[in-house]
Amino acid sequence: MKCSEYRHFIKPRTGRGNAFARDLDLYPEKWEEAINAIGSGKTKQIDVGFCKTLTDQFYFINILGLGFVTDVANTAFKLQALGHLSYILGVLYRTISLKPYKLKIEIDGKQIERDNIFAEISNTRYTGKDFLMAPNAVMDDGLLDVILLNKLSRIRLLQCLPKIFTGEHVKLKEVECFKAKKIKIETEPQKLLTPDGQLTGSTPIEIKCLPKALEVFVK
């Protein structure tokens, strides 16, 4: 499927993180390089995530999150007038009210159940501005990276969060990492989703990777 066929499904959004662009080695402060990339005409084919809920379906190119990460984003959105401080306040508020939920996830046919804090389905390495959520993700390998943070205490969560900036969190005992072509997720209770930074949809969901389905400009 050509990229033009996706323009009706991927909603354009001007975000603050530019995580997807960062995985392409493009940065807001170096906007001339992005213009030159378009001018050069050099492109590459990347994977696209497709998600189906009970009532909707959509595509994502960066990440899809649920649980703590989505709760923080939801709180930060309500406080967006405070800028980046909104995320700090979101983390603190959601840490105070932290409660694990039941997660059933099927990864390429393998089923596991966990007391989970958050789940991220990543097509790229970065999420937000500086979070190296999935350090081993490759956007054109035909696979999505699944990052699970399982049950832990509030203090332990605050101790672990800084490691997301360097990708060292994937070595923690509470974190599990998988690569998958197809994923099914059920939670109790239902969880709101954040596909590419938007707040939309809820579990249960089915996700699959569409290999090299989108063409993008590169440096």
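The values are calculated or read from the model by the stated rules, or taken from the named source; none is laboratory data. No experiment lies behind these values; they were computed from the predicted model shown. Because the Cβ atoms are built from the backbone with ideal geometry, glycine has one as well, and the counts that use them run over all protein chains shown. Just the protein is used for accessible areas: all its heavy atoms, side chains included, with ligands, DNA and RNA removed. Shrake-Rupley method; radii C 1.70, N 1.55, O 1.52, S 1.80 Å.
Got a sec? Which of L54, L92, L66 is outside any loop (DSSP other than H, G, I, E, B), loosely packed, with under 15 Cβ neighbours inside 10 Å and either modelled with pLDDT of 85 or more or in contact with a His (Cβ under 7 Å, 6 or more places away or on another chain) (or both)? Even if it seems obvious, please write down each step before you answer.
Working: L54 fails: outside any loop (DSSP other than H, G, I, E, B); L66 fails: loosely packed, with under 15 Cβ neighbours inside 10 Å.
Answer to the check: L92.
When the residues of segment 69-86 are filtered to those that are in a loop (DSSP other than H, G, I, E, B) and within 25 Å of R125 (Cβ to Cβ), which remaining residue is farthest from the chain's Cα centre (by Cα)?
So in segment 69-86, the residues in a loop (DSSP other than H, G, I, E, B) come out as 79, 83-84.
Narrowing further to those that are within 25 Å of R125 (Cβ to Cβ): 83-84.
Numbers: G83: 20, H84: 18 Å.
Looking at the filtered set, the residue picked out is G83.
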Q) Consider V175 against the criteria (1) free of Cβ contacts under 8 Å to residues at least 60 places away in the same chain; (2) more than 30 Å from A34 (Cα to Cα); (3) open to solvent by less than 10 Å² (accessible area, probe 1.4 Å): it satisfies all of them except one. Which criterion is unmet? A) (3)
Q. When you go through (1) in a strand (DSSP E or B); (2) within 17 Å of the chain's Cα centre (by Cα) one by one for K163, which number turns out not to apply?
A. (1)
Q. Restricted to segment 114-138, and to residues that are open to solvent by less than 20 Å² (accessible area, probe 1.4 Å) and touching a Cys at 6+ places or on another chain (Cβ under 9 Å), which residue is nearest to L26 (Cα to Cα)?
A. N123
Q: Check Q111 against each of (1) open to solvent by 30 Å² or more (accessible area, probe 1.4 Å); (2) part of a helix (DSSP H, G or I); (3) of a type in the set (S, T, N, Q) and name the one condition it does not meet.
A: (2)
